[in-house]
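The values are calculated or read from the model by the stated rules, or taken from the named source; none is laboratory data. Note that the structure is predicted; figures quoted are calculated from it, not measured. Because the Cβ atoms are built from the backbone with ideal geometry, glycine has one as well, and the counts that use them run over all protein chains shown.
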Protein chains: 2
Amino acid sequence: MDSRWKDALYVTEARNDTGLEGYAYVAEGIVVKTSSPLNNQPGSNPEQLLGMSLATCLKSTLEAIESENKLSHSAQVHVEVAFIGERAHYEFLVNAKIRIPGVNMDAAKQMVAEAEGRCPVSQLLSGSENYTVTTVEKF
Amino acid sequence: MDSRWKDALYVTEARNDTGLEGYAYVAEGIVVKTSSPLNNQPGSNPEQLLGMSLATCLKSTLEAIESENKLSHSAQVHVEVAFIGERAHYEFLVNAKIRIPGVNMDAAKQMVAEAEGRCPVSQLLSGSENYTVTTVEKF
C-alpha cells in the first residue's frame, strides 16, 4: 500500500452492491439510484457521477486560482462525457469546457492549464487520450 | 474534436455553477449538494462522486464478465478515495478493492484484471500512478 494513504487529509469509501440497475452509496454520505444510460429507467449513471466529480473539482480549483490572482470568480465549467464503443469494448470520452468571462483568452488559457494540472480529478484523468480540456469563449 | 464523439451511444453534460460549497447537477438528471470534505457542512464531495462512478462501473463490468463465464454474480467492489497533499498541491489516491467469493483467488485475479481493462472509468484512471486495483479475499 502506497504510504501516502497514511497521511491523507480525508478518506472515503464508495460502494455499489447492486449493479448498474441499483444504488451507489457512501457509508457516511448519499445514496444514488443508478441505471444504464441506454434504457429509460430513472437513475444516475457512471458518466454523470464522473462528470459531476470533475466539474466540481475544476470549478473549485479555478476559484482558488482566480482568488490567488486577485480576480473575482467568473469561471464556468461544463463537463461532457460520452459513452462509445460496443459490447466488451466500451470507452468514455471526457471533455471539460471552461469559460472565464472575466479575463481575456490568453489569460483564460493560462488559468485553465493551471487548473488542469492542479485539480486532483483532472490529474487522475490526464494520462488518458480520452480526456480533453478546452478553453471556450462561449458555450 | 475527436471524431468518436459523433458515434457516441450516449452523451451527458455535468455542471457545477456554484463551487465546492454548492451543487453539481446534470441537466436531465440529479442535483447533488456538494461540500468540501474538510468541513462539517453536509454535501457530497468530488472524492465520493468519483468513487461512486468507479464502483458502479466496476461492479457492472464484473457482472458482465461473470455472466460471460457462466458464473453467478458474486463480485463485490469497495472503492477508497483519499485526499492528500497541501494547498495548491493536492492529489487523490484511488484504490478499488474487489472480492469475488464465488471463485478461487487465481480466477478472481484474472477476472479483476479483465474488469480493470474493460470498465471505462478504470480505463480513464489507468494512466495514473495514484490508481490501484486490489483483489482481496475479504474486506
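Conditions (1) crowded, with 23+ Cβ neighbours inside 10 Å; (2) in a strand (DSSP E or B); (3) of a type in the set (Gly, Ala, Ser), marked per residue:
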position: B:81; (1), (2), (3): yes, yes, no
position: B:90; (1), (2), (3): no, yes, no
position: B:102; (1), (2), (3): no, no, yes
position: B:107; (1), (2), (3): no, no, yes
position: B:124; (1), (2), (3): yes, no, no
position: B:129; (1), (2), (3): no, no, no
position: B:132; (1), (2), (3): no, yes, no
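The residues on offer are B:116, B:47, and the sole one that is facing another protein chain (nearest Cβ under 9 Å) and crowded, with 19+ Cβ neighbours inside 10 Å is B:47. Restricting attention to the range B:78-88, does a residue exist that is touching a Pro at 6+ places or on another chain (Cβ under 7 Å), small (Gly, Ala, Ser), without any contact (Cβ under 8 Å) to a residue 60 or more places away in the chain and farther than 20 Å from residue A:37 by Cβ? Looking through the range B:78-88, none of the residues is touching a Pro at 6+ places or on another chain (Cβ under 7 Å), small (Gly, Ala, Ser), without any contact (Cβ under 8 Å) to a residue 60 or more places away in the chain and farther than 20 Å from residue A:37 by Cβ. Restricted to the range A:1-33, and to residues there that are at pLDDT below 95 and aliphatic (A, V, I, L, M), the residue that is nearest to residue B:136 (Cα to Cα) is A:1.
Condition test on residue A:137, is it part of a loop (DSSP other than H, G, I, E, B) and in contact with a Pro (Cβ under 9 Å, 6 or more places away or on another chain)?
Working: part of a loop (DSSP other than H, G, I, E, B): yes; in contact with a Pro (Cβ under 9 Å, 6 or more places away or on another chain): yes.
Considered against the rule, which asks whether it is part of a loop (DSSP other than H, G, I, E, B) and in contact with a Pro (Cβ under 9 Å, 6 or more places away or on another chain), residue A:137 comes out as yes.
Residues considered: B:36, B:67, B:60. Of these, the only one that is more than 9 Å from chain A (Cβ to nearest Cβ), farther than 18 Å from residue B:130 by Cα and either modelled with pLDDT of 95 or more or crowded, with 24+ Cβ neighbours inside 10 Å (or both) is B:67. Checking every residue in the range A:89-108 against the condition of being β-branched (Val, Ile, Thr) and at the interface with chain B (Cβ under 7 Å from one of its Cβ atoms) gives at least one match.
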